[in-house]
């Protein structure tokens, strides 16, 4: 996730010892959908 954050595809929020990431809301819809699909696939693998 660090690389995705560095290139601006996700944003992070610190919550005590946790870092919570979400897809950058300013991305065009087609990129958000593509990134979401790739992240789900990575988690399911």
Task: Two-decimal Rg to Rh for the chain - Kirkwood Rh, Cα set - done: 0.99
Open item on the list: For a quick check, take a GNM of the chain with Cα springs below 10 Å and name the residue from 11, 33, 19 with the largest mean-square fluctuation.
Closed with: 19
Open item on the list: Quick check: pseudo-label points 7 Å beyond the Cα along Cα→Cβ at residue 18 and residue 6, how many nm apart are they?
Closed with: 2.6
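Computed from the coordinates by the stated procedures, all read-outs in this text should not be read as laboratory data. None of the values given here were measured: they were computed from a predicted structure. We place every Cβ from the backbone using ideal geometry, glycine too, and count neighbours over all the protein chains shown.
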